[in-house]
Structures are given as C-alpha cells and as structure tokens.
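The values are calculated or read from the model by the stated rules, or taken from the named source; none is laboratory data. In this text the structure is predicted, and so the values were computed from the model without any measurement. Cβ sites come from the backbone with ideal geometry, for glycine too, and all protein chains shown count toward neighbours. Just so you know, the surface numbers come from the protein's heavy atoms only, side chains and all, with ligands and any DNA or RNA stripped out. Shrake-Rupley method; radii C 1.70, N 1.55, O 1.52, S 1.80 Å.
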Amino acid sequence: MIQRPSPSISTRKQPKQTRATELVAAILQAATQVLASEGAQRFTTTRVAEKAGVSVGSLYQYFPNKAALLFRLQSDEWRQTTDLLCGILEDVEMPPLERVRTLVHAFIRSECEEAAVRVALNDAAPLYRDAPEAREAKASAERTAEAFMLEVLPEASQAARAMAGELIMTTLSTVGQDFSASPRTSAEIEAYADALADMFCAYLRSLGHQG
C-alpha cells in the first residue's frame, strides 16, 4: 500500500479557479525567492506571505505550514529534473550521443541557474526522500535511463548497461552540484559541460557504442 505524505507536508487544498491558481503561483514564486535569499533555516511562512503580498491566512488556505511549502518546492524540483532528463533522452529524432551531450549541457546550466534554491532545498530534502513523489520521480528517471542504455548499448549485458547508467547519472548529479556551488560564467558552464559530455561519450564508445 502506497503511503501518502502526512497532512503536515501536504497542501491543504488544490486551487480550482483561475484566481486561486494565480495565488498559489504567486506564493510559490515568493517562496522560491525567500528560500534563495534566506536559506532553509530562515525560511518562514510570514516572510513568504510578505514577499507574495498576501495575508498569512490566505497562504494557509493552501499550505498549512513551512514544511508543506518546502515539500511543494522540493516536489516541483524533482519533477522538473525528471522531465528534463526524460524529455531529452526520449527524443529519438536525435542520435544517442547527441542526446547525452544535450542533457549534460541542459543539466549543468540548470544547476548553475538554480543553485541558491537547490542548496537551500538540500537542507530539507532528507525530510522528504521517502515520500511517494520522490520515489515516483526516481523510478521514472531510472526507467528512462534503462531504455536509453538499451538503445545505446544493445550488445552489452544488462549488468553492464545498469552500471553505465548509474555511473553516468550519479556522476552528472554529483559534479553538477559541486560545480554549481560557486558562481560561474556562461563560458565556464559551456566548457565544463563540453568536457563532461566528452567523458561520457568516450565511455559509452568504449563499451561498444559506434554511433
């Protein structure tokens, strides 16, 4: 049986009207800005409400507390990252290694652009790693990676493909987080992404991919 997030980190209700949807969007935008500027420790619903220009009562209609807001931001981050990965790797109009290069550039750029929020969310992430949203995002990414590895390395064993996929995705995530910890110029981002993509493509060629 799948367990749902507890009420303390779930949204109180879902917006159904345009005005309510716009209110939630404004709250989430403000929450992102407060999180980036203040960090997770100083992140409060009062600061978010002030930034959004709404009353705390209006905010509480949709997010009962700070944990619920952080969970929503974390869930959105998981979904965005998963959509980025899946959208690129599933684009069969592009040759496989070109997809790898495109993914690396898009991911590293995204990590750098959203570094402040991602660093702050890392403080809260342990609270939510076992939530259904986290498991769903991870499973979706793993399925896409497995399908891509089967396409790019059809002659390799299942174990070899699994290891290659895990190595590439873990390396991408780890080095992306480390690289984005410091401010980077566009030229630095491009050069770093190119070098990382070259490494991954060379590795896949060494395992038998010829395209």
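Odds and ends about this structure:
- Only listed residue being touching a Phe, Trp or Tyr at 6+ places or on another chain (Cβ under 9 Å), under 17 Å from Thr82 (Cβ atoms), open to solvent by 30 Å² or more (accessible area, probe 1.4 Å) and assigned to a helix (DSSP H, G or I), chosen from Glu133, Glu142: Glu133
- Filter result for Ala195 (closer than 12 Å to Arg101 by Cβ, out of contact with any helix residue (DSSP H, G or I) (no Cβ under 7 Å at 6 or more places or on another chain) and not β-branched (Val, Ile, Thr)): yes
- Selection within segment 88-101: residues that are open to solvent by 50 Å² or more (accessible area, probe 1.4 Å) and part of a helix (DSSP H, G or I). The member of this set that is farthest from Phe179 (Cα to Cα) is Glu98.
- Every test in (1) farther than 28 Å from Gln33 by Cβ; (2) open to solvent by 30 Å² or more (accessible area, probe 1.4 Å) is passed by Phe200 save one, and that test is (2).
- Filter result for Ser37 (in a helix (DSSP H, G or I) and modelled with pLDDT under 60): no
- Applying the criterion of being farther than 14 Å from Phe107 by Cα and of a type in the set (Gly, Ala, Ser) to the residues of segment 182-198, the residue that is modelled with the highest pLDDT is Ala187.
- Restricting Ala116, Ala159 to residues that are closer than 27 Å to Glu22 by Cα and open to solvent by 30 Å² or more (accessible area, probe 1.4 Å) narrows the list to Ala116.
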